[in-house]
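A quick write-up on the structure given underneath.
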2 protein chains.
Amino acid sequence: MAKRQSKRLGKQTLKMQNPPAILSHASVVGTKEAQGPLKDWFDVTLSDDMCGKSTFEQAENEILLTATRMAVKRAGLAQDDVHFFLAGDLLNQIVSASFAARELTMPFFGLYGACSTMCESLSLGSILIDGGFADTVLCASCSHFATAERQYRNPLELGSQRPPAAQWTVTGAGSTLLGAEGKGPFVEMVTVGKVNDWGISDANNMGAAMAPAAVDTLFTHFEDTGRRPEDYDLIATGDLGAIGSEILREMMGQHGIDMGPHYTDCGLEIYDREAQDVHAGGSGCGCVASVLNSYLLKRLEQGDFERILVCATGALHSPTTSLQGETIPGIAHAVSIVRRKGE
Amino acid sequence: MAKRQSKRLGKQTLKMQNPPAILSHASVVGTKEAQGPLKDWFDVTLSDDMCGKSTFEQAENEILLTATRMAVKRAGLAQDDVHFFLAGDLLNQIVSASFAARELTMPFFGLYGACSTMCESLSLGSILIDGGFADTVLCASCSHFATAERQYRNPLELGSQRPPAAQWTVTGAGSTLLGAEGKGPFVEMVTVGKVNDWGISDANNMGAAMAPAAVDTLFTHFEDTGRRPEDYDLIATGDLGAIGSEILREMMGQHGIDMGPHYTDCGLEIYDREAQDVHAGGSGCGCVASVLNSYLLKRLEQGDFERILVCATGALHSPTTSLQGETIPGIAHAVSIVRRKGE
């Protein structure tokens, strides 16, 4: 048997020996996102958030299917060429991902990391490829404003008022097809997060609940790798929004790390907060999934960036735990992506 | 860079190059399971299904914590020595696993494969170890009769009558600690399942909904490996119960494969169906998790078996999809475990 070589770096970071290539990617967003600042970067923008279906849940399933099939097609592959499908979403029993897996008929690992799921799928997908277990892995995630609102808070029909700390769940899906060989970009490293809970119990303040987890993962990433924020052309958290990203900057500063001018949050990029009335910004699994698989990867591919760090953040509560008085734990997984190998 | 070696066998099977060792395991079950035929095999049997907590959800979280901490302790390790925690459960947003991860403070991958989750975690855990990404991975799953009934069907307080095809969700948890080095048993291969949906829409007939997925995974496993049922001393599905396991035997027979005398189902083993009034048998993530991590692994360790195949089965519906008229897709993941390397 071959000698087993460790790919661990520090406590929580994994360094790919043969960095998996991003063969293709695709993004689909809803009508509100299609009016935001990133509108020209998305592959598909819906003219109807129902997507021609009769329920919001079916619509969410449909946008995930569109994004995944588009990525497979763009890579010049057939569904059967894909070795594994790794996906998850915000709905109970991750039905968007499971029902998409039924149509895609690929061997499937269902994941749940709330809004951190896109990076969870990229992490495990990279591990499958670098470990020699797959040549092609499809990673994806999605969310829908209407399904998330009625499941986590109130049905839209109630017309409930949104508090200032609330974020707007993105209607969108993103998918990344990873391969063992390709011209890149490449997934270079992943830092797997721990669950952090600093006692936030307000289900309308997700940014504050998730920020400590992002701080923990980013701080550990810098410690494990010996890098600093300035080693990245861009660092993007998933959906901390205005409040969470401000907390992150401050907490990182307390750790002696200045996040600098190249830090942003996908929840801040996807909407015009003032004009689009989204309060603290965007959120949802589809936020980082759609922004990464359009704006971020396209800018990386066109050479605007050489190396980026994407840190997707998730709030791991359920309405049941909140009603039972529990606080909201958060998690964050970071993925480092480079334009060329050896960067 | 080292040459990347494929560990793929056929379409969906992964063969470990250096089979990960099972360092330790632990099981916890509730009061009903403590009266069943396997009662003497479990590590902890509760005298109170509330586990001293004030809600059923907190109780479920507690049994998962007990099972995971026990496995870590038995291996002579501290929490900090475990590189990753991979777990999931049946509850919305897998809160049992997420809240356990908060206490265990290990880097965490949240999984959702319904009742197939134990084998999903063992599969990805083995991949992490064999791929050189971890030396120790804690894999776990759990369920609780009372939390599952009120979430998927009706609260117990309603006293709803159970139809004959219904299965009884196991109150139980199981955990397996995998390591890069050890005296075994060892995870030799995993076969990752696809989603199968044969149109069953009755949420009280999980066995029939999941059986086609188990057939697909087992048939593929035999095709990928060139093995036959007689190559295993025991083949155990997760929780097909009386109806599903009968369907499985029949469908495998139609494929020309006689499952023979060494096939069983954990949902049939855990209860005395007549005396304990459980109708079609046991079910839930905790069913295969508790039976594997007690009875099956202990019998393997004491030499009653040399090689077993465990195929955990999951139904990927949610109450929302069922109410919207969707059918129930199923998935199954199989893990082959051997007592000694090279078996």
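The values are calculated or read from the model by the stated rules, or taken from the named source; none is laboratory data. Here the structure is a predicted model, which means the values were calculated and not measured. So basically every Cβ, Gly included, is an ideal-geometry build from the backbone, and we count neighbours across all protein chains shown.
Checking A:Tyr263, A:Tyr271 one by one, the residue that is of a type in the set (Phe, Trp, Tyr) and surrounded by fewer than 24 Cβ atoms within 10 Å (Cβ to Cβ) is A:Tyr263 and no other.
Kindly check whether there is at least one residue in the stretch B:290-298 that is aromatic (Phe, Trp, Tyr) and closer than 18 Å to B:Met210 by Cα. No: the stretch B:290-298 contains no residue that is aromatic (Phe, Trp, Tyr) and closer than 18 Å to B:Met210 by Cα.
Which residue out of A:Cys139, A:Cys115 is crowded, with 24+ Cβ neighbours inside 10 Å and more than 24 Å from B:Met16 (Cα to Cα)? First the steps, then the outcome.
Working: A:Cys139 fails: more than 24 Å from B:Met16 (Cα to Cα).
Answer to the check: A:Cys115.
Taking the stretch B:172-196, which residues are within 11 Å of chain A (Cβ to nearest Cβ) and surrounded by 21 or more Cβ atoms within 10 Å (Cβ to Cβ)?
Filtering the stretch B:172-196 down to residues within 11 Å of chain A (Cβ to nearest Cβ) leaves B:180-181, B:190-196.
Those that are within 11 Å of chain A (Cβ to nearest Cβ) and surrounded by 21 or more Cβ atoms within 10 Å (Cβ to Cβ): B:Val190, B:Thr191, B:Val192, B:Gly193, B:Lys194, B:Val195, B:Asn196.
Output yes when any residue across the stretch B:35-57 is over 26 Å from B:Leu218 (Cα atoms), crowded, with 20+ Cβ neighbours inside 10 Å, within 14 Å of another protein chain (Cβ to nearest Cβ) and under 20 Å from the mean Cα position of the chain (by Cα), and no when none is. Taking every residue of the stretch B:35-57 in turn, at least one turns out to be over 26 Å from B:Leu218 (Cα atoms), crowded, with 20+ Cβ neighbours inside 10 Å, within 14 Å of another protein chain (Cβ to nearest Cβ) and under 20 Å from the mean Cα position of the chain (by Cα).
Among the conditions (1) more than 7 Å from every other protein chain (Cβ to nearest Cβ); (2) of a type in the set (A, V, I, L, M, F, W, C); (3) surrounded by 24 or more Cβ atoms within 10 Å (Cβ to Cβ); (4) more than 15 Å from B:Ala114 (Cα to Cα), A:Ala78 misses just one, which is (3). Of the residues making up the stretch A:62-74, one or more are among the hydroxyl-bearing types (Ser, Thr, Tyr) and either surrounded by fewer than 23 Cβ atoms within 10 Å (Cβ to Cβ) or over 30 Å from A:Arg153 (Cα atoms) (or both). When A:Ser290, A:Ser336, A:Ser322, A:Ser318 are checked against the criterion of being among the hydroxyl-bearing types (Ser, Thr, Tyr) and under 12 Å from the mean Cα position of the chain (by Cα), A:Ser290 stands alone in meeting it.
In the stretch B:1-33, what residues are buried (at least 18 other Cβ atoms within 10 Å of the Cβ), of a type in the set (A, V, I, L, M) and not in a strand (DSSP E or B)? If the condition is that a residue be buried (at least 18 other Cβ atoms within 10 Å of the Cβ), of a type in the set (A, V, I, L, M) and not in a strand (DSSP E or B), then B:Met16 is the only one that fits.
May I ask you to verify whether B:Gly125 is within 9 Å of another protein chain (Cβ to nearest Cβ), of a type in the set (Gly, Ala, Ser) and buried (at least 24 other Cβ atoms within 10 Å of the Cβ)? I'd like the intermediate steps shown before the answer.
Details: within 9 Å of another protein chain (Cβ to nearest Cβ): no; of a type in the set (Gly, Ala, Ser): yes; buried (at least 24 other Cβ atoms within 10 Å of the Cβ): yes.
No: the conditions fail for B:Gly125.
Note on the stretch A:1-10: residues that are more than 8 Å from chain B (Cβ to nearest Cβ) and modelled with pLDDT of 75 or more total 2. Taken together, the residues in the stretch B:284-334 that are at the interface with another protein chain (Cβ under 9 Å from one of its Cβ atoms), buried (at least 24 other Cβ atoms within 10 Å of the Cβ) and either at positive phi or assigned to a loop (DSSP other than H, G, I, E, B) (or both) amount to 4. Count, please, the residues in the stretch B:229-254 that happen to be in contact with a helix residue (DSSP H, G or I) (Cβ under 8 Å, 6 or more places away or on another chain) and free of Cβ contacts under 8 Å to residues at least 60 places away in the same chain. Result for the stretch B:229-254: 7. Exactly one residue out of A:Asp231, A:Asp216 is modelled with pLDDT of 95 or more, over 19 Å from the mean Cα position of the chain (by Cα) and not hydroxyl-bearing (Ser, Thr, Tyr), and it is A:Asp231.
Hey, among B:Ala100, B:Ala114, which residue is more than 8 Å from chain A (Cβ to nearest Cβ) and of a type outside the set (Phe, Trp, Tyr)? Answer to the check: B:Ala100.
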